[in-house]
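I have placed the structure first, in the form of structure tokens, so that the comments after it can refer back to it.
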Amino acid sequence: MTGKSGWDERYSGNEYHYGTEPNAFLVEHYGLLQNPVLSLSEGEGRNAVFLATKGFQVLGVDFSEIGLHKAQELALANKVAIQTTVADMANYTPEPNKYGSVISIFAHYTSAIRKRLYPLVEQALKPGGIFLLEAYTEAQLPRSTGGPKEIDKLLTADKLTRDFSAMETILLKEMDREVHEGDGHTGLGSVIQFIARRKG
Ligand SMILES: C[S@@+](CC[C@H](N)C(=O)[O-])C[C@H]1O[C@@H](n2cnc3c(N)ncnc32)[C@H](O)[C@@H]1O
């Protein structure tokens, strides 16, 4: 269940699959972010809504229309506004030099998508802009606590730093940590956390 229809199906219940609380790594570091914020694969809105409550202007992009509809409902319930756009990262091109920050929370793509998308993400940042990512690593593959079952979609420090080699790394950590986010992320997980700044 990894295509758009699979995600729409996963999000079609009333509950929020990854909960409504923001991701802990984002909560720890959102103070580094600058406006406006682009959120790659925002899903059902928990992170965009959190940032909006902190005063950020956020555009959440995802290919699940159902997920983004629930994101707008979550924003309404929290009395904040977020922007959402339905798009597939396989062919999405963010506006260059526009964003103070781009976030990517548990957004796992094939290497073919990353190869096209990540240079565009870097260009979408204004000079000095911040990219913040948390994702599962290849070490997550045997675990059943969340994340894709295709190794190509899982990250390593090498894969990430190669893709963002022109950026200045601020934080890069691989670790095992407890991730409890709704029914989707349910325990000890192997993750990578990355924050980098666009040079210039
Ligand atoms: C694990 S969920 C994370 C959602 C959200 N970032 C969060 O932390 O709650 C992964 C998200 O990636 C989206 N996604 C996967 N492949 C995508 C693609 N090619 N284009 C756009 N969104 C995609 C899915 O629809 C899903 O919302």
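The numbers here are math on the coordinates, done by the rules we state, and not lab data. Because the structure is predicted, anything quoted here is derived from the model rather than measured. Counting neighbours? That spans all protein chains shown, and the Cβs are built from the backbone with ideal geometry, glycine included.
Side notes on the structure shown:
- In order along the stretch 98-112, phi translates into HN-Hα couplings of 9, 9, x, 8, 10, 10, 9, 10, 6, 9, 10, 10, 5, 4, 5 Hz, rounded to whole numbers, per the Karplus curve 6.51 cos²θ - 1.76 cosθ + 1.60 with θ = phi - 60° and x for Gly and Pro.
- Per the Cα gyration tensor, the chain maps to an equivalent ellipsoid with semi-axes of 22, 21, 16 Å, ordered largest to smallest.
- Working ranking of peptides 97-110, 68-81 by packing, defined as the average number of other Cβ atoms within 10 Å per residue, highest first, is 97-110, 68-81.
- Residues Val61, Val27, Val37, sorted so that the one with the fewest Cβ neighbours within 10 Å comes first: Val27, Val61, Val37
- As computed over the stretch 68-115, the Cα convex hull volume per residue (Å³): 113 Å³
- Neighbourhood net charge (12 Å Cβ-Cβ; Lys/Arg +1, Asp/Glu -1) for Gly187: -2
- Cα-Cα over 25 Å, subset of Lys70/Lys115; Lys4/Lys153; Lys54/Lys126; Lys70/Lys126; Lys70/Lys159: Lys70/Lys115; Lys70/Lys126; Lys70/Lys159
- The stretch between Leu141 and Leu172, if pulled fully straight at 0.36 nm per residue, gains 9.1 nm over its current Cα-Cα span.
- Coil-residue GluC sites (Glu not before Pro) of the stretch 145-200, DSSP, other Cβ within 10 Å capped at 14: Glu150
- At R0 = 30 Å, FRET efficiency that the Cβ-Cβ distance of Ser5 and Lys199 yields, to 0.05: 0.15
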